[in-house]
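A short worksheet on the structure shown next.
We did not get these values from a lab; they are worked out from the coordinates using the rules stated. Remember, predicted model here, so these are calculated numbers, not experimental data. Cβ sites come from the backbone with ideal geometry, for glycine too, and all protein chains shown count toward neighbours.
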Amino acid sequence: LKDAFSWNPSFREYFAVKATPNPFILKIFKEEGCGVDCSSETELMLSKASGFSGHEIMFSSNETQGRVFARADRQGAIINLDDFTLIDTLESACRYNPGGEFSIGNHIMDQPKDSKYGMTRAQLTQAYRTLMQKGAKRFGLHAFLASNTLTNAYYPALARILFTTAV
């Protein structure tokens, strides 16, 4: 991954802690320059105990209590808002749900149009405007459209969607 994204000096891979919540494994990822993607308070605590801090932590959660967002904020995590209604709670990056059909040889995750997570294109535009008015300076896009995909075509397809949306 480092070689593939060497054209972007600020690239960082974020490992999903829920996939292997093992402090020994997390420390190896830390040594390799990776960040962690946390989805719960326990994962935030485990990441902190494993030496991760600040923007080495991405917090992607849903149906989250305010105290958990507060912990992520105290740890300096990049906070990924999963729902338009969370804007009043937090100002940070948004996960984009482009809706429609997405097929790349895997039907494990169903279709984005049926997902309860992520913002629609209209919500994303409104979220961006609202967060700008509240003073947010940095934004990012994140989308998760397939799980356990075995084809190399997934990431270029996802990148095309995200870059087109950003433009």
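Under a 5 Å amide H cut-off, with hydrogens placed 1.01 Å from N, I57 pairs with V36, I78 among residues at least 5 apart or on other chains. Residue by residue, the stretch 6-12 carries 3J(HN,Hα) couplings of 5, 5, 10, x, 9, 5, 9 Hz when phi is fed to the Karplus relation 6.51 cos²θ - 1.76 cosθ + 1.60 (θ = phi - 60°); x denotes Gly or Pro.
Label separation (D3 vs R67): 4.7 nm, computed from points 7 Å beyond Cα along the C-beta direction. Take the Cα of T130, step 7 Å toward its Cβ, do the same at T165, and the gap between the two points is 1.6 nm.
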